[in-house]
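Notes follow the structure.
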Amino acid sequence: MENLQELLHGFTIAVTVPHLVLMVIGVLLGILVGVLPGLGAPNGVSLLLPLTFGMQPVSAIILLSSMYWGALFGGSVTSILFNIPGEPSSVATTFDGYPMARDGRPTTALATAFGSAAFGALVGVILITFLASWVAQVALAFGPPEYFAVYFLAFASFVGMGGAAPIKTVVALAIGFAIAAIGIDTVSGSVRLTMGIDELVKGVSFVVAVMGLFGIGELLVAVEEEFNARGVSSRIDWKEVFRAVVRLPRHGIALLRSAAIGCWMGITPGGPTAASFMSYGIARRFSRRGGHFGTGEVEGIISPETADHAAGTSALLPMLSLGIPGSATAAVMMGGLMIWGLNPGPMLFVDQKDFVWGLIASMYVGNIVAVALVLLTVPIFAALMRIPFVIIAPLIVIICVVGAYSVSNSYLDVVMMLGFGVVGYLFKKLFYPLAPLVLAIVIGDKAEDAFRQSMLMSKGSLGVFFANPLVTSLVLAGLALLLLPLALQIAHVRRKPGERKSIAPGPEDSRSRPTATSAPR
């Protein structure tokens, strides 16, 4: 009850004309940052941070958080329309969002994504409002073993629930781990896998990899299969936007499940990217239409978008209550708090109630503003799909090249981006899943650091991963997911001993498997 009273007081601080104007400005800037593949929310907030030094802390954090919400929404736009994720956490949205847009339903895809994102963000804010004390206790229990267990669970979920052949998933993960290992070893400080190229010391940028794998890779497939295709001429209708949002409650189970996954991964160090991938994999496994995922399935958009925004919102809670940022953007915001003279941690809720509850109240209002603005721009974004393919293709190449070069002003990044485009093309043609590859590139180095730190703590004993109920439950859940395909195969063999040879899919089965590139145009 006390939290509700504090929240009402926070609304009196957040809902003022100057703060509402800051929300609109922040959301619009965030949408622009999210749409541009080379930036992303952390970079956008970092660029805006110096402009807030002369502002009141409440006004400054409202502006920065509003940009964060806008960037999360904006990252879905290029993912759905051009198969180029604007944000790392928007990668999973491309799997069904882009095929749906190419199928002549860009308005439905965008409206579904924005509506799902709004629901996930709302659940995340409610969690922050009512479960702050419990979440703080859980987060305090996390050390390197628990961090590794969460990452292990995310990887295992793709092997057990990804829908692709487990061997191919493991191969994709292994390649991703190898790419993530390039650069400086953060534990020992040694340089590895750079092949004598000095510029690789910094590692391989996620932006470069993703734009190559998805932007250039999809473009190569499109050139091969549909070079003479014309642009989509779907009619933009506000009624379709309304219908797409109204149909969301029909997928209530997927919404609630994805929101729960997102909140958990946001509070723990998993983050929005791992949450969106895990949610997509679990939805594909349990959906009655799991075989249609990758061809423009609605739940394939709902699941990653809901988890992404739930995790992105929940990530602010450990930053405020413990001083432990749950995401890169939260880390930038925490730096802003310290510059403004505020110390994140438990005492922040006691000494700076106006700041904390003004921020929490602004999350409710800011997400409403963000949804309203992105829905107003749906017709504009969807109209881009009417542009003929022969014009869109060069634009995609230009966006990818500029985005890759802008990461560190290096021509090597452009070359690597083109190389990743070839890898993405081969993965699509050979029916290897891209999602595990991308996930391993994103958090593979973090998982390795957590594992090696755990080994240092325990002097090389794996018993550290069974030292307490929390880490034990996470590790056992991951092991269960790893063994799930084998258990299902054994059960299938026992039921039909005469059909053992038909268990492994042959080339004909692989060719008939639905993929994003085989969706009807």
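Any read-out appearing in this document is the output of simple, stated calculations on the displayed coordinates, not a laboratory observation. Owing to the predicted nature of the structure, the values given are computational and were not obtained by experimental measurement. Every residue, glycine as well, gets a Cβ built from its backbone with ideal geometry; the counts of neighbours run over all protein chains shown.
Taking amide H positions as modeled 1.01 Å from N, with prolines and chain starts lacking one, the residues under 5 Å from residue 183 and 5 or more places away or on another chain are 192, 194.
Extension gain, residue 194-residue 32: 0.36 nm per intervening residue step, less the Cα-Cα distance, totals 54.9 nm. Most tightly packed first, judged by the mean number of other beta-carbon atoms within 10 Å of their residues, the peptides 96-107, 354-365 read 96-107, 354-365. If you take the beta carbon distance between residue 242 and residue 24 as r and set R0 to 22 Å, what does 1/(1 + (r/R0)^6) give as a FRET efficiency, to the nearest 0.05? For R0 = 22 Å, the calculated efficiency reads 0.45. Spin-label pair residue 429-residue 398: with each label point 7 Å from Cα along the Cα-Cβ axis, the two points sit 2.8 nm from one another. Taking amide H as placed 1.01 Å from N in the peptide plane, residue 103 has no amide H partner under 5 Å among residues 5 or more places away or on another chain.
The simple spin-label model puts a point 7 Å past each Cα toward its Cβ; for residue 8 and residue 479 those points are separated by 5.1 nm. Length gained on full extension, residue 16 to residue 495: 165.9 nm, using 0.36 nm per residue less the C-alpha separation.
In terms of distances greater than 32 angstrom between alpha carbons, the cross-link table entries 239/353; 202/459; 353/446 yield 239/353; 353/446. Couplings 3J(HN,Hα) for segment 24-35, derived from phi with the Karplus relation 6.51 cos²θ - 1.76 cosθ + 1.60 (θ = phi - 60°), are 5, 4, x, 5, 4, 5, x, 4, 4, 5, x, 6 Hz, where x marks Gly and Pro. Taking only the C-alpha atoms of segment 385-469, the Rg (one decimal) and the largest Cα-Cα distance, Dmax (whole number), read 20.0, 61 Å.
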